[in-house]
Amino acid sequence: SDDTTLANFQPTTDIPIPAGAKFDASQSLVLSGKDYWTGRLVLTVKPNISAIFAFYQQEMPTLGWRSVASVLSTTSVLTFIRQNRTATIQIAPVRFGGSTISVTVATHAPDKKGVTQPDKKGVTQPAVDSKALPPL
């Protein structure tokens, strides 16, 4: 169905999913495997924006994501990086309560000056050569 409960379907393993979230298949596009993917996940949840914002601030680092920006507002946005990938999480209110979560993940090439990036444990490692990036 268009709204699959995530207890029955886990589209990814590297992004935390709030308990009770429903997956919106008509708005989502996941390309590749469960632990290394690009695309967009759209979920609906009962908790409000503040609770979901706090959930992602706490849970993303446990999966190796480093926070680079966040804005808590009517529509909130959090941005994280992990190796050569960027995850942007947008949380918006739903008219009759709850929130919609849109998680967009994309690969990025490091700049040519050799920018370093943290690994899963937060230890800085040399940047990935853009030639080594997997095809989309």
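The values are calculated or read from the model by the stated rules, or taken from the named source; none is laboratory data. This one's a predicted model, so the numbers in the text were calculated from it and none came from an experiment. Only protein heavy atoms, including side chains, enter the accessible area calculation; ligands, DNA and RNA are left aside. Shrake-Rupley method; radii C 1.70, N 1.55, O 1.52, S 1.80 Å.
Shown here is the pair-distance distribution of the stretch 27-84: with all Cα-Cα distances grouped in 10 Å bins from zero up to the longest one, the shares run 19, 49, 31, 1 percent.
For the residues LEU78, LEU63, a 1.4 Å probe over the protein chains yields an accessible-area ranking, largest first, of LEU63, LEU78. The residues of the stretch 32-98 have, on average, 52 Å² of accessible surface per residue, using a 1.4 Å probe with all protein chains present.
Rounded to the nearest whole Hz, the Karplus-based 3J(HN,Hα) values (6.51 cos²θ - 1.76 cosθ + 1.60, θ = phi - 60°) of the stretch 84-94 follow the sequence 9, 10, 10, 10, 10, 10, 10, 10, 10, x, 9, with x at glycine and proline.
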